[in-house]
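Structure record follows, encoded as structure tokens.
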Amino acid sequence: MLAKRIIPCLDVKDGRTVKGINFVNLRDAGDPVELGKAYSEQGADELVFLDIAATHEGRKTFTDMVSRVAAAISIPFTVGGGIHELADVACLLEAGADKVSLNSAAIRNPQLVNEIASHFGSQVCVAAIDARHDADGWYCYVNGGRIRVERTLFDWAREVADRGAGEILFTSMDHDGVKQGFPNEALARLSDALSIPVIASGGAGTKKHFADAFRQGHADAALAASVFHFGEIKIPELKQYLREEGICVRL
Amino acid sequence: MKVAIVKYNAGNICSVINALRRIGVQPLLTDSPEALQEADCVIFPGQGEASNTMAHLRENGLVQLILGLHCPVLGICIGQQLLCAHSEEGNTPCLGVFEHTVRRFPASSAGQRVKIPQIGWNTIEALQSPLFSGIANGDFVYFVHSYYVPDCAEAIARTSYGGVTYASALRRGNFYATQFHPEKSGDVGLRILHNFIHLCHD
């Protein structure tokens, strides 16, 4: 049976992880490769590395980091941030990334999704969508959540799936960082409407929140950052809990 | 020990090189007939679309070369699919080591929508090959695919998805193949690659 995936997300700036990290037994928790290895050994199913600065100068450092991750870790990983054109994708895949995630770039240039899918295959293309539940419904936002675009979450998700995205990474801006759980109703509506996997992102505060995202939100995978980085939830304990709850996970 | 990887226009090949290095093997990435024929074992990896990759193999004289190999050969993912006779993807005639047609997962099963591609960790069962020495039935490996090889006599591992139980690994003579990516399957996958390399000694 296909397992539900648990995905830690690492924010990277100038080749270093930036969020506060509370990891024991790491020589250098600021090193994305060390941290990625630690998560991999704890049972993470995939990893996501986001270049949050994504400056032109920092690009080579990030690509070097991708190569080092690829050499050190035997599980799949996605990279995002600073991807504007097909050449950016080629560069990251050559460095050893398995997938790339596109956010604002896909909304500004939807054709990029088609190009990635036709050049490298749908499995490479993760469409990341930031959305907020406004008074008039779920709407997409770009530029780190600062600018609303006149596309609803559900229409845009369907469009990127039709254009060839292999997965949707859905972050609710209302839930992200609040630790009150994932937006399960919207997740379930997305997951049921699409024929590609949906990754729930943002909102995890407890182990039960993950179980709810899988059971009520019908998510195929769940992504989190701070609960893992600060050691509030440990991946082996989370997976054990999910298995006891009857959810298929890789142990 | 000479381990060669077939160089062609498929993606994901550097992951296989990285994984082999982690188990202490320095592979040779090549499309040279001499180098492939001299290798102790050959890996035919990749991710991609069937008709494009087959066209590339034909244009570069790799079809007869692969079929003529006598050492252990391991096809991975699209490599497994191309070793079959035919693929529904692009209605493509393939290499024909295994006499099967590669099929697309059904859009729905028992009234439920099937997510395609299958992406993630699934179990391998009914293991029956030295390729899986030290691996238990029910161990998880990483899959990314929309097409599958139906269950058959040559299956040495089986996996279920979308209401279908299919051949997630195959063997015929010196040809082995896995639908999953051992190079992305953590320690279980590294063990399978290690086992394959050691088939060469037997």
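Express the relative contact order of chain B as a whole percentage, based on alpha carbon pairs under 8 Å and six or more residues apart in sequence. Display every interim value, and only then the final one.
Numbers: 437 pairs, mean separation 39.6, N = 202.
Taking the mean separation of contacting Cα pairs over the length of chain B, I get 20 percent.
Determine the calculated [θ] at 222 nm for chain B from helices alone, applying -39500 (n - 2.57) to every DSSP H run no shorter than 4 residues and normalising by the residue count; nearest 500 deg cm²/dmol.
-7000 deg cm²/dmol
Within the set A:Lys4/A:Lys60; A:Lys208/A:Lys239; A:Lys4/A:Lys179; B:Lys7/B:Lys184; A:Lys4/B:Lys115; A:Lys207/B:Lys115, which residue pairs have Cα atoms separated by over 23 Å?
Cα-Cα > 23 Å for A:Lys4/A:Lys60; A:Lys207/B:Lys115; rest within.
Could you tell me which residue out of B:Val6, B:Val144, B:Ala157 lies farthest along the dipole of chain B toward its positive end? Charges go on the beta carbon: Lys and Arg +1, Asp and Glu -1, centred on the Cα centre.
Going by the charge dipole, the pick is B:Val144.
Give me Rg/Rg_expected for the stretch B:3-199, where Rg uses Cα atoms only and Rg_expected = 2.2 N^0.38 Å with N residues.
Output field value: 0.95.
Classify the stretch B:117-175 from the C-alpha gyration tensor, please: rounded if a/c falls under 1.5, else prolate or oblate depending on whether a/b exceeds b/c.
Oblate.
For chain A, what is the largest minus smallest coordinate of the Cα atoms on each principal axis, given in angstrom and ordered from greatest to least?
The Cα atoms of chain A stretch 47, 43, 34 Å along the principal axes, largest first.
Roughly to the nearest percent, how much of the accessible area of the protein assembly as shown is carbon and sulfur, given a 1.4 Å probe?
47
Among B:Val25, B:Val102, B:Val149, which one shows the biggest mean-square fluctuation in a GNM of chain B, springs joining Cα atoms closer than 10 Å?
The residue with the greatest mean-square fluctuation here is B:Val25.
Between B:Arg158, B:Arg21, B:Arg103, which gets the highest mean-square fluctuation from a Gaussian network model of chain B, Cα cutoff 10 Å?
B:Arg21
What is the Å³ per residue value for the convex hull set by the Cα atoms of the stretch A:9-118? Could the numbers behind the result be given before it?
Details: hull volume 10.9 nm³, N = 110.
Roughly 99 Å³ of hull volume per residue.
If each DSSP helix of 4+ residues adds -39,500 (n - 2.57) and the sum is divided by the residues in chain A, what number results at 222 nm, nearest 500 deg cm²/dmol?
Working: 10 runs with 94 residues, N = 251.
Mean residue ellipticity, 222 nm, calculated: -10500 deg cm²/dmol.
Answer with one residue from B:Ile43, B:Cys77, B:Ala55: the one whose Cα lies farthest towards the positive end of the charge dipole of the stretch B:3-199, charges on Cβ with Lys, Arg +1 and Asp, Glu -1.
It is B:Cys77, whose Cα lies furthest towards the positive end.
With the cut-off at 1.5 for a/c, could you classify the stretch B:1-40 from its C-alpha gyration tensor as rounded, prolate or oblate?
Oblate, because a/c is 1.5 or more while a/b does not exceed b/c.
For peptide B:118-127, what's the mean number of Cβ atoms from other chains within 10 Å of each residue's Cβ?
Taking all residues of B:118-127 together, the mean is 5.
How many Å² of accessible area per residue for the protein assembly as shown, probe 1.4 Å?
Using a 1.4 Å probe on heavy atoms only, each residue of the protein assembly as shown averages 39 Å².
Consider just the alpha-carbon atoms of the protein assembly as shown and return their Rg together with their Dmax, both in angstrom.
Using the Cα atoms of the protein assembly as shown, the pair Rg, Dmax is 21.2, 68 Å.
The values are calculated or read from the model by the stated rules, or taken from the named source; none is laboratory data. Only a predicted model underlies this, so the values are computations on that prediction, with no experimental measurement involved. Reconstructed Cβ throughout: ideal geometry from the backbone, glycine too, with neighbour counts over all protein chains shown. We work out accessible area using only protein heavy atoms, side chains counted, and drop any ligands, DNA or RNA first. Shrake-Rupley method; radii C 1.70, N 1.55, O 1.52, S 1.80 Å.
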